[in-house]
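J.: Questions regarding the structure given below will be posed in turn.
The values are calculated or read from the model by the stated rules, or taken from the named source; none is laboratory data. Note that the structure is predicted; figures quoted are calculated from it, not measured. So basically every Cβ, Gly included, is an ideal-geometry build from the backbone, and we count neighbours across all protein chains shown. Quick note on the areas: whole protein, heavy atoms, side chains included, nothing else; ligands and nucleic acids left out. Shrake-Rupley method; radii C 1.70, N 1.55, O 1.52, S 1.80 Å.
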Amino acid sequence: MPDEICATFSVHRLSILAPDGTVDEALMPPLSEGDVRRLYELMVLARTFDQRAVALQREGRLGTYPPSLGQEAAQVGSAFALQPDDWLFPSFREMGVQLTVGYPIHQILQYWAGDERGQQAPPSLNIFPICISVGTHIPHAVGAALAARYRHDPLAVAVWFGDGATSKGDFHEGFNMAGVFRLPLVFICQNNQWAISVPLSGQTAAATLAQKALAYGFEGVQVDGNDVFAVYRATRDALLKARSGGGPTFIECLTYRVADHTTSDDAGRYRSADEVAAWSALDPLLRLERYMERCGFWNEAYASETRQKALADIDAAIVTMEAVGAPDPDDMFVHALSLPGQRQAGQRKGV
Amino acid sequence: MARLTMVQAINQALSQEMARDERVVLLGEDVGRDGGVFRVSEGLLERFGAERVIDTPLSESGIVGAAIGMAAYGLRPVAEIQFMGFIYAALDQLYTHAARLRTRSRGRFTCPLVVRAPYGAGIKAPEMHEESSEALLCHLPGIKVVVPSGPYSAKGLLLAAIRDPDPVVFLEPTRLYRMLREEVPEGDYTIPLGVARIVQPGRDVTVVAWGSMLERVLKTETPHSVELIDPQTLTPFDWDTLLASVRKTGRLVIVHEAVKSGGLGAEIAATVAEEAILQLRAPVLRVTAPDVVLPLPKLIDSYLPTTGKIRTAIDDVMRY
Ligand SMILES: Cc1ncc(C[n+]2csc(CCOP(=O)(O)OP(=O)(O)O)c2C)c(N)n1
Ligand SMILES: [Mg+2]
């Protein structure tokens, strides 16, 4: 009766763009100068949106809002790899994903201002309403992937969630089913090190989150989540694999939630300023700027022009959002069911 | 017309609907190779293949969650939860997502799925296999809850449920699965959701009961003229039919096998108090299980409403 090793596993971490702006050319994905500019402009848009949203919340024009500062590369880089027909299941902090795929900016704001109509995705986008109940959307992505395969649609499904979500049962159930059915699915974890006040070490005793995929029989990779090229490349490869029948992939993006959990939170209660400063030095946008500057297509003028353009788009969206006006009370009933029941019909007359 | 059991009627409905509509797919634990633990889906894997009859891992939340994604994508999934006692892990998916996807996406995504679950007591099954927690689901706007009370209604209601644009939980009373046979038309027919059935007209007292309790009321011998109502759909409830009956008879007895507190009977009684109290001649009475955890089979007869308890309740309201 030998005691032998019956399986061994390893987890890879991909990084391409160093904090000083140099890249590993051998690993660099094929991106044109135009693509890189677009990635940069989207990351600036995401950051500018975030700053404006926090300010609007402080002015009482938005409700509670979860900032995504510092996660721009992990969000924009992953969403940038998608094809228009792909199905997307974002969590609540994925404004960078929404902005990258062209979700109307005024609707993102409208939602955070407390108007459900902001969640109505345009017909051209297969993007689910953001998931508030942490991790519970992971099985929905599994179902969409099952349906896509049944229909022989040559597309992939992507789902985003945080490190906290990896402790949920639905993470396990979704991963397990995706592995069993070898689905065209890409799981993208924004490991921003915190779930409100609980650090990663309070979430799991595992050395990486990526390794969790191995237990479900598919590949898990870690990427430097502040490195937009690594995130893009890992997502692109995973999507290609998904579309060609190679099954699911789990991508753990190592990043950091630089701001508070939400505008109602004070992260100073549970983490040190030193930790925040150390991560801020790894800023994803700064890094990309350094790379572009080295390549000769970034300078202060371009940066300020990009910021101005982002601000103008967001300000126009704020005007649109605030011009829409409050929903009619009847709106609560409109989509309650396909047809209201007897009681709902009566209640509807009374509002 | 063949005389079928409820299991056969449901199997026929599933089979015919899958043949008619390629969007219909089944998923659940043991639904394929095994044909379901009650054999409800027997033969469907052979007929429709593993792409449409999906044996899933043991994963209640995953099954309902996946069904939500499939429904939003454009399929018509029929998910099975093997027993209602195991639906609790999937309540999160039903409450948090299935019930609100239409609202949250402003109609961009809908959730036309059916969750089937064997339900109710009286089959000498182990613990957790005999639950009737329909009231938990009825508290949830955005979900329809349907309970057939015989083979004929099972087929017609299930076909309507699968074709319904909203999420439907379809609770199948296990005690009735093989207990009775009824004439079930071979062809296609639906029984509309949200419409109650007057099982027998009467003058003296309205009795409302669903699922396996309906059969128990029918077996109850009473000298009084009972108008028996089977709501068929518990949400949205057909209040018009119930209230018209109560206004006529002036008396109401509600029978359900779930516990009394917070049961659907409470909602029915409250509605009658709001809408028809001036036509009532007697207090509204509920015949239900007591407020205790569902016992093992040795005590089930003391737990469930019996014909004796139903008869007593009818006699009591007739004293007024
Ligand atoms: C199921 C559930 N439990 C608790 C909450 C409250 N809550 C909102 S966000 C959050 C932390 C989530 O952490 P993580 O998954 O890492 O995402 P992040 O906030 O870091 O983006 C908690 C506990 C919730 N929304 N859903
Ligand atoms: Mg986190």
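J.: Enumerate the amide H contacts of residue B:24 below 5 Å, restricted to partners 5 or more residues apart or on another chain; note that Pro and chain-start residues carry no placed amide H.
T.: B:76
J.: Sticking with this one: Can you pull out the buried accessible area for chains B and A, both sides counted, probe 1.4 Å, rounded to the nearest 100 Å²?
T.: Using a 1.4 Å probe on protein heavy atoms, the buried area is about 3900 Å².
J.: Summing -39500 (n - 2.57) over the DSSP H runs of n ≥ 4 in chain B and dividing by its residue number, what mean residue ellipticity at 222 nm do you reach, to the nearest 500 deg cm²/dmol?
T.: Computed ellipticity for chain B at 222 nm equals -9500 deg cm²/dmol.
J.: Is the shape of the protein assembly as shown rounded, prolate or oblate, going by the alpha carbon gyration tensor and its root eigenvalues a ≥ b ≥ c, with a/c under 1.5 for rounded and a/b larger than b/c for prolate?
T.: Prolate.
J.: Still on this structure: Using the beta-carbon distance between residue B:20 and residue A:243 and R0 = 35 Å, what value does 1/(1 + (r/R0)^6) give for FRET efficiency, to the nearest 0.05?
T.: E between residue B:20 and residue A:243, to the nearest 0.05, is 0.65.
J.: For segment B:197-318, what's the relative contact order in percent, using C-alpha pairs closer than 8 Å and at least 6 residues apart?
T.: This gives 30 percent for segment B:197-318.
J.: Which residues, if any, in segment A:138-182 lose at least 30 square angstrom of accessible heavy-atom surface (probe 1.4 Å) when the other protein chains sit next to their chain rather than the chain being alone?
T.: Residues meeting the cut-off: A:139, A:140, A:143, A:146, A:147, A:150, A:151, A:170, A:173, A:177, A:181.
J.: What ranking do A:323-335, A:277-289, A:106-118 get when scored by the average of other Cβ atoms within 10 Å per residue, highest first?
T.: In descending order of packing, they fall as A:106-118, A:277-289, A:323-335.
J.: So which lysines pass the test for residue A:241, namely a Cα distance under 23 Å, with those fewer than 8 places away in the same chain ruled out?
T.: A:212
J.: Now a separate question. ³J(HN,Hα) across segment A:103-110 via Karplus (A = 6.51, B = -1.76, C = 1.60, θ = phi - 60°), whole Hz, x for Gly/Pro?
T.: So the Karplus estimates, Gly and Pro as x, are 4, x, 4, 5, 6, 4, 5, 4 Hz.
J.: Also, I was wondering about something else. For peptide B:196-209, what's the mean number of Cβ atoms from other chains within 10 Å of each residue's Cβ?
T.: 0
J.: When the helix-only estimate is applied to chain A (DSSP H runs of n ≥ 4, each -39,500 (n - 2.57), divided by the residue count), what is the mean residue ellipticity at 222 nm, nearest 500 deg cm²/dmol?
T.: -13500 deg cm²/dmol
J.: Another question about this same structure. List every residue whose amide H lies under 5 Å from the amide H of residue B:251, counting only residues 5 or more places away in sequence or on a different chain, with H placed 1.01 Å from N in the peptide plane.
T.: B:206, B:281
J.: In percent, how large is the relative contact order of chain B, given Cα pairs closer than 8 Å and 6 or more residues apart?
T.: 16
J.: Now for a different question. Only Cα pairs within less than 10 Å get springs; with that Gaussian network setup on chain A, which residue of A:338, A:272, A:68 has the largest fluctuation?
T.: A:338
J.: Also, quick follow-up: Quantify how strongly other chains surround peptide B:72-79 by giving the mean number of their Cβ atoms within 10 Å of each of its Cβ atoms.
T.: 5
J.: Moving to a separate point now. Taking a temperature of 4 °C and a viscosity of 1.567 mPa s, what whole-number D in µm²/s does Stokes-Einstein yield for segment B:197-318 with Rh from Kirkwood over alpha carbon pairs?
T.: In µm²/s, the coefficient rounds to 90.
J.: Sticking with this structure for a sec: Taking the mean number of other Cβ atoms within 10 Å as a proxy for protection, how do you rank B:92-99, B:313-320, A:250-257 from highest to lowest?
T.: A:250-257, B:92-99, B:313-320
J.: For helix B:239-249, report the angle its Cα long axis makes with the longest principal axis of the Cα atoms of chain B; keep it between 0 and 90° and round to the nearest 10°.
T.: Computed tilt is about 20 degrees.
J.: I would also like to ask the following. Round to a whole angstrom and tell me the spacing of the C-alpha centers of segment B:12-82 and segment A:169-229.
T.: Cα centroid of segment B:12-82 versus Cα centroid of segment A:169-229: 28 Å apart.
J.: I'd like the FRET efficiency for residue A:331 and residue A:281, computed as 1/(1 + (r/R0)^6) with the beta carbon distance as r and R0 of 60 Å, rounded to 0.05.
T.: After rounding to 0.05, the efficiency reads 0.80.
J.: First compute the accessible area of segment A:272-334 with a 1.4 Å probe, then give the percent of it belonging to carbon and sulfur atoms.
T.: 58
J.: Counting only DSSP beta bridges with both residues in segment B:3-183, tell me the antiparallel percent, nearest 5.
T.: Antiparallel bridges: around 10 percent, rounded to the nearest 5.
J.: Between residue A:33 and residue B:128, with labels modelled 7 Å along Cα→Cβ, what's the label distance in nm to one decimal, could you check?
T.: Distance between the two pseudo-spin positions: 6.4 nm.
J.: Relative contact order of chain A, please, whole-number percent, based on alpha carbon pairs below 8 angstrom and at least 6 residues apart.
T.: Computed over chain A, the figure is 24 percent.
J.: Related question: What do you reckon, how do B:237, B:86 stack up by accessible area (1.4 Å probe), largest on top?
T.: Sorted descending by solvent-accessible area, the residues read B:86, B:237.
J.: Cut-off under 25 Å on the C-alpha distance; same-chain residues fewer than 8 positions from residue B:309 excluded. Which lysines are left, in chain and number order?
T.: List returned: B:124, B:219, B:248, B:260, B:298.
J.: Let me ask something else. So for segment B:169-320: antiparallel DSSP bridges make up what percent, rounded to the nearest 5?
T.: Among the beta bridges of segment B:169-320, antiparallel pairing accounts for roughly 20 percent.
J.: What is the spin-label model distance, in nm, from residue B:39 to residue B:2 if the labels are put 7 Å beyond Cα along the C-beta direction?
T.: Once both label points are built, they end up 1.3 nm from each other.
J.: Give the calculated FRET efficiency between residue A:201 and residue B:270 to the nearest 0.05, with a Förster radius of 56 Å applied to their Cβ-Cβ distance.
T.: 0.65
J.: If you don't mind, another one. Using the heavy atoms of the protein chains alone and a 1.4 angstrom probe, what is the accessible area of the protein assembly as shown per residue in square angstrom?
T.: 39
J.: Separate question: Using the Karplus equation 6.51 cos²θ - 1.76 cosθ + 1.60 (θ = phi - 60°), what ³J(HN,Hα) coupling, rounded to whole Hz, does each residue of segment A:175-185 give in order, writing x for Gly and Pro?
T.: Per-residue couplings from phi come out as 4, 4, 5, 4, x, 4, 9, 6, 7, x, 9 Hz.
J.: What is segment A:108-188 by shape, rounded, prolate or oblate, if you read a ≥ b ≥ c off the alpha carbon gyration tensor as root eigenvalues and call it rounded for a/c under 1.5, prolate for a/b larger than b/c, and oblate otherwise?
T.: Oblate, since a/c reaches 1.5 and b/c is not below a/b.
J.: Between the alpha-carbon centers of segment A:269-288 and segment B:141-158, tell me the distance in whole angstrom.
T.: Centre-to-centre (Cα) distance: 56 Å.
J.: Cα gyration tensor of chain A, axes a ≥ b ≥ c as square roots of the eigenvalues: rounded (a/c below 1.5), prolate (a/b > b/c) or oblate?
T.: Oblate, since a/c reaches 1.5 and b/c is not below a/b.
J.: Let me ask something else. To the nearest 10 degrees, how steeply does helix B:60-73 sit against the main Cα axis of chain B, on a 0 to 90 scale?
T.: 70
J.: Quick one: 3J(HN,Hα) in Hz for segment B:94-108, Karplus 6.51/-1.76/1.60 with θ = phi - 60°, rounded, Gly and Pro as x.
T.: Using θ = phi - 60°, the values come out as 5, 5, 7, 10, 4, 5, 10, 4, 5, 5, 5, 9, 6, x, 5 Hz.
J.: GNM, chain A, Cα, under 10 Å: largest mean-square fluctuation among A:72, A:275, A:94?
T.: Judging by the Gaussian network model, the answer is A:275.
J.: So between residue B:293 and residue B:30, what do we pick up on full extension, going 0.36 nm a residue minus the alpha carbon distance?
T.: Extra length available between residue B:293 and residue B:30 comes to 91.9 nm.
J.: If I model a spin label at residue B:279 and residue B:55 as a point 7 Å from the Cα along the Cα→Cβ vector, what separation in nanometres do I get?
T.: Label at residue B:279, label at residue B:55, 5.4 nm between them.
J.: Same structure again: Roughly what angle does helix B:6-20 make with the longest principal axis of chain B, taking Cα atoms, 0 to 90 degrees, to the nearest 10?
T.: 40
J.: Restricting to chain B, what percent of DSSP beta bridges are antiparallel, rounded to 5?
T.: Roughly 20 percent of the DSSP beta bridges within chain B come out antiparallel.
J.: Another question, then. If amide H atoms are built 1.01 Å from N in the plane of the peptide, which residues on other chains or at least 5 residues away come under 5 Å of the amide H of residue B:2?
T.: B:184, B:186
J.: Averaged over B:93-104, how many beta carbons belonging to a partner chain fall within 10 Å of each residue's beta carbon?
T.: 5
J.: Tell me, in nm to one decimal, what length is gained between residue A:338 and residue A:4 on full extension, where the rule is 0.36 nm per residue of separation less the Cα-Cα distance?
T.: Gain on extension, residue A:338 to residue A:4, equals 114.3 nm.
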